[in-house]
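In what follows, a single structure is set out as structure tokens and then discussed.
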Amino acid sequence: MPRSASNLLDLSELPAPKRREVRDFFQFLLTSSAATVMIFMLPQVSLADFFKYKDNKGNLIITNRFEDIPKKYRNRVIVVWDKDLAAKDTVARRKAAAVEQYEQQEANKKAQQQAEEKKTSTKKGKTLVIELDENTGQLIRRFE
């Protein structure tokens, strides 16, 4: 017998354990759907680092709190991300370049030290012995 739309969610015909499973499934589905919708409905401004706008006098105002912006100026707000500001800041760019150069130099120094340690560790405690092969006249070098 086909079920009508009103009977579609009638769980009274199901045994109790099965009803519980169906109820829990729908509860999970609704909860996860609601959470997903809430995440996507969050305003973009809540993720911003800085907000800038111009007031009626033409003054540029920058703040990091959206709540501090008067409601009449909120439609003028431009969201500025921290990385955008850093990219435009010449001092920050030079500082980042200097830090990168310093880290590269330190890495090079460390690599050189490791190479030298490797060289000296192979020769530690060994004596170079040089012999002359009487038959061929060649010098034979070895560490002992």
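The values are calculated or read from the model by the stated rules, or taken from the named source; none is laboratory data. These figures come from a predicted structure and were not determined experimentally. Using ideal geometry, Cβ is built from the backbone for each residue, glycine included, and neighbour counts are taken over all protein chains shown.
Points to keep in mind about this one:
- Of all residues in the range 125-144, those that are among the basic types (K, R) have Cβ atoms under 7 Å from Cβ atoms of residues that are surrounded by 10 or more Cβ atoms within 10 Å (Cβ to Cβ), 6 or more apart or on another chain, in K126/F143; R142/V129.
- Residues satisfying the stated conditions in the range 58-93, i.e. modelled with pLDDT of 80 or more and of a type in the set (K, R): R65, K71, K72, R74, R76
- The combined condition, being outside any strand (DSSP E or B), modelled with pLDDT under 90 and under 21 Å from the mean Cα position of the chain (by Cα), is not fulfilled by A34.
- Scanning the range 53-78 for residues that are basic (K, R) and in a strand (DSSP E or B) yields a single hit, K54.
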